[in-house]
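Presented below is the structure to which this report refers.
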Amino acid sequence: MRRSGCLAVLIAAVMGTGQVQAREDRPFRPPAVPLVASNPYLSVWSMADTLNGDTTRHWTRHEHPLRSLIRIDGKTYRLMGKDPKSVPALPQTGVVVTPTRSIYAFEGSGVKIELTFMTPALPDSLEILARPVTYLTWSVRSTDGQGHAVSLFQSTSSLLTVNTPDQRVTWSREARGGLTALRAGTAEQPLLRPAGDDVRIDWGHVYAAARTEDAKSAMGSSDTLLDSFSATGGLPAADEPAAPRAANDREPALAFAFDLGKVAAEPVERHVILTYDEIYSVMFLGKKLRPYWRRNGATALDLLEAAEHDYAVLGPRCRAFDEELTADLENAGGSRYARIGALAYRQALAGCGLAADANGQPMLFPKENSSNGCAATVDVIYPAAPLFLPMGPTYARALVAPALVYGASERWKFPFAPHDVGTYPQINGQVYAGGEHSKNEGDMMPVEESGNMILLCAAIAHMEGNADFALKWMPQLTRWEAYLERYGKDPENQLCTDDFMGHLAHNANLSVKAILAIAAQGRLLKLKGNDADAARFQEIARRFARNWMQVAADGGHYRIAFDQPRTWSQKYNLIWDKLLGLDVFPKEVTRDEIAFYKSKLQRYGLPLDSRTKLTKTDWCVWTATLAEDPADFRAIVDPIYDYLNETSARLPLVDSYFTNDPRSDGMRARPVVGGIFIKLLENRAVWDKWAKRDQRKAGDYALAPPAPRITEVVPTSRRSPTEWKYTFSKPGEGWQQPGFDDSGWKSGPGGFGTKGTPGIAVATEWRTRDIWLRREVALPAKFNASRLQLLLYHDEDATVFIDGEVAVREGGYVTDYMPAEISPGALEKLKPGAKVTIAVHCHQTGGGQGVDLGLVEVE
């Protein structure tokens with residue numbers, strides 16, 4: 001296999017085996033380095049110049065500490081993390097990011113260390129790619145001809161298992177197949193809660209495992225473990241008792257120590273396996289879905305045993321994959337483009353959850369990280385798709401399936417495609433713009449999302465050479481195409497995917513999408529054998545395109561909106577005319593646009609349009625791919641590389657920033673950076689080469705389950721206001737307990753919030769950041785406790801207590817009342833005929849707000 005020149009130079013620089021001269025080939029300094037990146041929860045990054053310069057962090061910037069020390073001839077140094085501060089950092093000499101690996105090099109005291117984080121996201125094996133596994137491998141060798149006594153330390157913090165550091169955690173150990181497996185998790189285990197954006201997983205367990213014959217292990221206070229190794233090279237003889245305590249109370253951690261003995265010129269390796277067992281991945285339309293790797297009953301120990309068994313072969317496979325993909329990226333767009341793509345690969349995949357539906361079929365659930373936490377958002381799926389399309393039919397189908405299943409369900413009543421399917425991981429129906437009960441279609445991106453779904457189904461058919469997958473969803477696609485015929489030629493005032501720029505009428509780029517989607521629907525019909533309708537749709541698209549060229553023309557380029565002269569915008573949606581060979585717009589349109597864009601370039605890229613200096617990383621690469629001249633492609637893409645290399649915003653790869661300010665940051669850790677791979681789709685031979693390695697070809701997706709039947713047990717205020725005691729001032733200790741003196745609190749009917757908040761009828765105004773509520777209720781003498789759930793409206797974060805016991809914690813917001821499973825401890829309080837106190841704290845950060853709840857049976 002040909003070794004990528006870009007990759008070879010970078011690795012040579014890190015390993016000290018070559019000299020780097022030209023600016024083009026200098027090592028890339030990523031703003032943040034992916035270390036452990038499998039899904040939106042298991043996503044740990046280094047956000048500093050060096051691995052030992054700061055604590056490792058979740059993409060939300062919260063500390064998710066992984067630590068490593070090395071002891072050389074009796075002296076201890078830090079490799080990863082900033083603790084202990086009394087221990088010096090061993091000099092880091094380089095870092096390289098490849099698609100599946102992040103490779104750090106350190107040197108000092110006569111030894112050289114290579115620390116590799118390998119996540120084997122290999123698309124030719126869904127079984128392996130689906131594993132939430134990262135291998136940490138240390139390779140140590142002497143550089144001075146002398147033997148050195150070396151030992152290694154690695155620890156994994158229990159902070160990886162909590163949403164907030166004050167949550168209590170426990171820990172334990174297990175053994176299987178020659179492995180010692182250490183695990184930690186919350187005592188409470190609030191399954192699939194909370195939902196939202198800036199949240200972290202607090203159910204399931206993190207696991208760290210190592211070969212028993214290679215390692216000593218211990219669990220306990222992080223400082224105790226670090227200090228023990230720093231002083232002696234060993235660990236405490238016994239684990240600390242696993243009594244639950246807060247994760248930030250002496251920070252419980254899982255630790256391994258490896259004694260390498262005398263290390264000479266021959267490298268000595270050791271490795272640790274990190275994984276997270278979510279138990280359940282998401283709730284999809286009322287049904288809990290297992291992670292794909294767990295669909296057949298596998299446990300965490302099964303996963304670890306399989307991961308250890310495959311370790312020896314996965315290293316060479318990952319190296320070969322990295323070299324081939326990097327070579328293809330380099331051939332397509334140059335070495336800078338290849339480095340951007342390498343950084344984007346794991347991030348795009350880790351922005352998605354991968355679950356199995358009721359038929360065992362893989363479903364990808366992209367999350368709107370650093371945005372609003374929505375899941376399976378169609379205008380996130382759309383820009384992410386260029387990575388998943390060359391991975392093969394299984395992945396492309398899995399990406400669009402959740403939105404198609406939802407759009408085909410009885411719950412979706414609109415004539416256009418949905419915007420999203422819920423809030424991660426509670427993916428129970430659209431929440432954006434008022435959700436399923438919205439009265440403002442323009443806020444729901446109707447042209448945007450309908451065009452997206454048709455174009456992506458056409459891209460899948462283009463890849464496969466048939467429309468078999470699309471045929472299952474043809475009633476929906478037909479309905480959505482009809483909507484585009486009626487409203488896409490000249491879009492009304494509405495949002496598009498760039499919703500942060502606000503509503504825009506007569507949007508030229510949005511019209512392009514609608515026009516090409518109409519042609520794409522014709523292509524699907526042609527593959528089906530319906531030539532007459534295919535020709536009709538093609539003619540409609542070309543007629544609309546001719547009109548578009550007249551009303552959007554603005555003297556050598558095309559406007560942002562038909563009624564706004566002397567404006568411009570990136571027309572990235574034109575790319576599907578080129579990639580799918582739709583032959584709708586003349587080539588002169590893209591040639592004129594590319595020539596004009598070159599005159600609008602800023603220091604760090606091409607702005608989105610004439611209103612702003614803001615850009616979108618993904619759309620810039622789509623726009624650049626319209627270019628026929630490779631120099632024009634590089635002219636648009638290379639400034640993105642400069643921004644990433646120079647920005648002071650140390651974040652996972654951002655997809656929005658200001659092109660005139662290297663200090664700016666934006667949305668990050670999002671799957672939309674999969675759009676960076678769109679240049680690979682331009683070369684059909686490359687696309688086919690990768691896609692044909694997929695032998696799985698998923699497709700028999702389960703239809704949406706019927707909506708659950710809900711019977712009120714304790715009513716909400718939806719139909720008739722119910723009385724609550726409430727306060728806007730933080731109450732004293734024990735406020736959530738029965739018998740608390742709330743005589744000084746106000747009384748008022750629910751719901752509570754601000755008028756106009758979607759999905760709730762507000763009877764008592766609440767405009768402060770926080771509200772505390774109490775209500776004593778008498779439960780009926782008869783109900784089915786096994787079906788009992790809360791029916792909760794919250795905007796935003798809510799914690800519900802029953803007789804002082806936490807029943808539910810929810811993050812983010814909803815746009816309708818949603819069932820929520822009650823914790824076992826709180827459920828025990830809910831006996832027929834009992835009197836209980838329900839207490840609620842709701843916290844608001846911005847926008848509309850509201851809270852209300854009751855108890856229901858769900859079946």
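The values are calculated or read from the model by the stated rules, or taken from the named source; none is laboratory data. Only a predicted model underlies this, so the values are computations on that prediction, with no experimental measurement involved. Every residue, glycine as well, gets a Cβ built from its backbone with ideal geometry; the counts of neighbours run over all protein chains shown. Note: accessible area is taken over every heavy atom of the protein model, side chains too, but ligands, DNA and RNA are not part of it. Shrake-Rupley method; radii C 1.70, N 1.55, O 1.52, S 1.80 Å.
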With the first residue restricted to the range 317-331 and required to be farther than 17 Å from A121 by Cα, and the second required to be among the hydroxyl-bearing types (S, T, Y) and not in a helix (DSSP H, G or I), Cβ contacts under 7 Å at 6 or more apart or on different chains are A327/S4; E330/S4
Sort out which residues of the range 764-786 are touching a strand residue (DSSP E or B) at 6+ places or on another chain (Cβ under 6 Å) and buried (at least 16 other Cβ atoms within 10 Å of the Cβ), and write them in order of number. T764, W766, I771, W772, L773, R774, R775, V777, F783
Qualifying position, being at pLDDT below 95, surrounded by 19 or more Cβ atoms within 10 Å (Cβ to Cβ), in contact with a strand residue (DSSP E or B) (Cβ under 8 Å, 6 or more places away or on another chain) and under 21 Å from P425 (Cβ atoms), among V814, V800: V814
Scanning the range 475-508 for residues that are without any contact (Cβ under 8 Å) to a residue 24 or more places away in the chain and either among the small types (G, A, S) or within 26 Å of Y395 (Cβ to Cβ) (or both) gives G502
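Residues that are modelled with pLDDT of 95 or more and more than 30 Å from P123 (Cα to Cα): find the strands (runs of 3 or more DSSP E) completely inside the range 23-78 holding 3 or more of those.
66-72
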Do you know which of the residues in the range 484-512 that are in a helix (DSSP H, G or I) and open to solvent by less than 20 Å² (accessible area, probe 1.4 Å) is farthest from P607 (Cα to Cα)? L484
Can you pull out the residues in the range 230-284 that are under 19 Å from A209 (Cβ atoms) and in contact with a Pro (Cβ under 6 Å, 6 or more places away or on another chain)? T275, Y276, E278
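Scanning the range 206-230 for residues that are without any contact (Cβ under 8 Å) to a residue 40 or more places away in the chain and on the phi < 0 side of the Ramachandran plot, which turns out surrounded by the most Cβ atoms within 10 Å (Cβ to Cβ)? Quick ask: steps written out before the conclusion?
Within the range 206-230, the subset without any contact (Cβ under 8 Å) to a residue 40 or more places away in the chain is 212-213, 218, 220-221, 224, 228.
Then keep just the ones that are on the phi < 0 side of the Ramachandran plot; that gives 212-213, 218, 221, 224, 228.
Numbers: T212: 15, E213: 8, A218: 23, S221: 17, T224: 18, S228: 20.
Taking the candidates together, the pick is A218.
Restricting to the range 690-726, count the residues that are in a strand (DSSP E or B), hydroxyl-bearing (S, T, Y) and buried (at least 17 other Cβ atoms within 10 Å of the Cβ). Full working, then the answer.
First, the residues of the range 690-726 that are in a strand (DSSP E or B): 710-714, 723-726.
Then keep just the ones that are hydroxyl-bearing (S, T, Y); that gives 711, 726.
Adding the requirement that they be buried (at least 17 other Cβ atoms within 10 Å of the Cβ) leaves 726.
So the count comes out to 1.
To keep it simple, each residue is scored yes or no on (1) open to solvent by 70 Å² or more (accessible area, probe 1.4 Å); (2) without any contact (Cβ under 8 Å) to a residue 60 or more places away in the chain.
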site: L525; (1), (2): no, yes
site: K528; (1), (2): yes, no
site: Q538; (1), (2): no, yes
site: R543; (1), (2): yes, yes
site: N547; (1), (2): no, yes
site: A561; (1), (2): no, yes
site: Q564; (1), (2): no, yes
site: K571; (1), (2): no, no
So in the range 608-626, with the set limited to residues that are over 25 Å from the mean Cα position of the chain (by Cα) and assigned to a loop (DSSP other than H, G, I, E, B), which one is surrounded by the most Cβ atoms within 10 Å (Cβ to Cβ)? L626
Here the residues within the range 755-780 that are in contact with a Gly (Cβ under 9 Å, 6 or more places away or on another chain), at pLDDT 95 or above and not β-branched (V, I, T) are A763, E765, W766, R767, L773, R775, A778, L779, P780
From the list L354, L349, L304, pick out the single residue that is in a helix (DSSP H, G or I) and under 23 Å from the mean Cα position of the chain (by Cα). L349
Among the residues of the range 536-579 satisfying the criterion of being among the β-branched types (V, I, T) and in a helix (DSSP H, G or I), which is farthest from R684 (Cα to Cα)? V551
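Could you go through the range 432-445 and let me know if any residue there is closer than 23 Å to S281 by Cα and open to solvent by 10 Å² or more (accessible area, probe 1.4 Å). Can you show your working first?
Kept after step one, since they are closer than 23 Å to S281 by Cα, are these residues of the range 432-445: 432, 435.
Going one step further and asking which of them are open to solvent by 10 Å² or more (accessible area, probe 1.4 Å), we end up with 432.
Yes: the range 432-445 contains one or more residues that are closer than 23 Å to S281 by Cα and open to solvent by 10 Å² or more (accessible area, probe 1.4 Å).
For the range 100-137, how many residues meet the condition of being farther than 25 Å from Y41 by Cα and touching a Ser or Thr at 6+ places or on another chain (Cβ under 8 Å)?
Qualifying residue count, the range 100-137: 8.
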I'd like to check which helices (runs of 4 or more DSSP H) are fully inside the range 369-476 and have at least 3 residues that are charged (D, E, K, R). 446-464
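With the structure loaded, tell me whether Y657 is in a helix (DSSP H, G or I) and farther than 20 Å from L387 by Cβ or whether it fails that test. Steps first, answer last, please.
On the way: in a helix (DSSP H, G or I): no; farther than 20 Å from L387 by Cβ: yes.
For Y657, the condition - in a helix (DSSP H, G or I) and farther than 20 Å from L387 by Cβ - is not met.
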Select from the range 97-129 the residues that are open to solvent by less than 20 Å² (accessible area, probe 1.4 Å), in contact with a Lys or Arg (Cβ under 9 Å, 6 or more places away or on another chain) and not in a strand (DSSP E or B) and list them in ascending order. T98, P99, T100, T119, P120, A121, L122, P123, L126, I128
Output yes when any residue across the range 689-706 is at pLDDT below 95, basic (K, R) and within 30 Å of L126 (Cα to Cα), and no when none is. yes
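Examine the range 807-818 for a residue that is within 28 Å of the chain's Cα centre (by Cα), on the phi > 0 side of the Ramachandran plot and outside any strand (DSSP E or B), and state whether such a residue exists. Break it down into steps so the answer makes sense when it comes.
Taking the range 807-818 first, the residues within 28 Å of the chain's Cα centre (by Cα) are 807-818.
Next, only the ones that are on the phi > 0 side of the Ramachandran plot stay: 812.
Now restrict to residues that are outside any strand (DSSP E or B): 812.
Yes, there is a match, as at least one residue in the range 807-818 is within 28 Å of the chain's Cα centre (by Cα), on the phi > 0 side of the Ramachandran plot and outside any strand (DSSP E or B).
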Restricted to the range 738-756, and to residues that are farther than 18 Å from I802 by Cα and among the aromatic types (F, W, Y), which residue is most open to solvent (accessible area, probe 1.4 Å)? W745
Apart from one, (1) open to solvent by 20 Å² or more (accessible area, probe 1.4 Å); (2) more than 22 Å from K287 (Cβ to Cβ); (3) of a type in the set (S, T, Y) all hold for S450; the odd one out is (1)
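Residue check: is V313 within 21 Å of G177 (Cβ to Cβ), open to solvent by 10 Å² or more (accessible area, probe 1.4 Å) and out of contact with any helix residue (DSSP H, G or I) (no Cβ under 8 Å at 6 or more places or on another chain)? Don't jump to the end; show me each part of the working.
Details: within 21 Å of G177 (Cβ to Cβ): yes; open to solvent by 10 Å² or more (accessible area, probe 1.4 Å): yes; out of contact with any helix residue (DSSP H, G or I) (no Cβ under 8 Å at 6 or more places or on another chain): yes.
In short, yes.
Could you please give the count of residues in the range 753-783 that are of a type in the set (S, T, Y) and under 17 Å from G854 (Cβ atoms)? Full working, then the answer.
At the first step, the residues of the range 753-783 found to be of a type in the set (S, T, Y) are 754, 757, 764, 768.
From what is left, the residues that are under 17 Å from G854 (Cβ atoms) are 764.
Residues that pass the stated criteria total 1.
When you look at G360, is it at pLDDT below 95, of a type in the set (G, A, S), farther than 27 Å from G529 by Cβ and more than 20 Å from the chain's Cα centre (by Cα), yes or no?
Details: at pLDDT below 95: no; of a type in the set (G, A, S): yes; farther than 27 Å from G529 by Cβ: yes; more than 20 Å from the chain's Cα centre (by Cα): yes.
Judged against the criteria, G360 is not a match.
So if I check each of A384, A344, which one is closer than 29 Å to P475 by Cα and at pLDDT 95 or above? It would help to see each step written out before you state the result.
On the way: A344 fails: closer than 29 Å to P475 by Cα.
Step by step, each of A384, A344 is checked, and only A384 is closer than 29 Å to P475 by Cα and at pLDDT 95 or above.
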Sole exception among (1) in contact with a helix residue (DSSP H, G or I) (Cβ under 9 Å, 6 or more places away or on another chain); (2) open to solvent by 10 Å² or more (accessible area, probe 1.4 Å) for W203, by number: (2)
For the range 56-88, name all the residues that are farther than 15 Å from Q154 by Cα and open to solvent by 10 Å² or more (accessible area, probe 1.4 Å). R57, T60, R61, H62, E63, D73, G74, K75, K85, S86, P88
